[in-house]
1. Is it true that Thr17 is in contact (Cβ under 8 Å) with a residue 12 or more places away in the chain, assigned to a loop (DSSP other than H, G, I, E, B) and either in contact with a helix residue (DSSP H, G or I) (Cβ under 7 Å, 6 or more places away or on another chain) or not aromatic (Phe, Trp, Tyr) (or both)?
2. Under the condition of being open to solvent by 20 Å² or more (accessible area, probe 1.4 Å) and in a loop (DSSP other than H, G, I, E, B), which residue from the range 53-65 is farthest from Phe78 (Cα to Cα)?
3. Where the second residue is at pLDDT below 85 and open to solvent by 20 Å² or more (accessible area, probe 1.4 Å) and the first is within 19 Å of Thr97 (Cβ to Cβ) and aliphatic (A, V, I, L, M) and lies in the range 24-36, which pairs have Cβ atoms under 6 Å and are six or more apart or on separate chains?
4. Within the group Lys91, Lys68, Lys10, which residue is at pLDDT below 95 and open to solvent by 80 Å² or more (accessible area, probe 1.4 Å)?
5. When the residues of the range 22-52 are narrowed to those that are part of a loop (DSSP other than H, G, I, E, B) and under 11 Å from the mean Cα position of the chain (by Cα), which ends up surrounded by the most Cβ atoms within 10 Å (Cβ to Cβ)?
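The values are calculated or read from the model by the stated rules, or taken from the named source; none is laboratory data. Model, not experiment: these values are computed from the prediction. Quick reminder, even Gly has a Cβ in these numbers, built from the backbone with ideal geometry, and neighbours come from all protein chains shown. Surface areas here come from the heavy atoms of the whole protein model, side chains and all, with no ligands, DNA or RNA. Shrake-Rupley method; radii C 1.70, N 1.55, O 1.52, S 1.80 Å.
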Amino acid sequence: MSIRSKGRRKIIVDGQTYLWYIALDDESPYNILNIVSDDKYLILSCPLQTKTEYIISKGRVFQGKETKEGWGRYLLPFSIPESITPKFVEKLIVWSTQNTDAVKIQWNNDQGIPV
């Protein structure tokens, strides 16, 4: 099954095609930057303008390792700019695919915040 591309931007990083878009989250007041590889192995969601800057990995691979435990939330080692640009999207993709320094965080479901 292919990924819907209408209203989404395409970016190619290291020969891999990704689609990215920003949408309002259905369950929170945040806008979310969503990034999906064309093979759906990498699926990222990055809440914008939160107190703690983090990314959610929903795909099968994150930082070169297979993910078996479902969603993983990781602190970002850099700041999220006010304006999301293709350069920042590329930076997130490179960090999520080539680095191995991610710090996993726990999620407080009652409060809806990372702890």
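1. no
2. Checking each candidate, the answer is Arg60.
3. Close Cβ pairs (under 6 Å, with a partner that is at pLDDT below 85 and open to solvent by 20 Å² or more (accessible area, probe 1.4 Å)) amount to Val36/Ile3.
4. Lys68
5. Across the range 22-52, the extreme among qualifying residues is Leu42.
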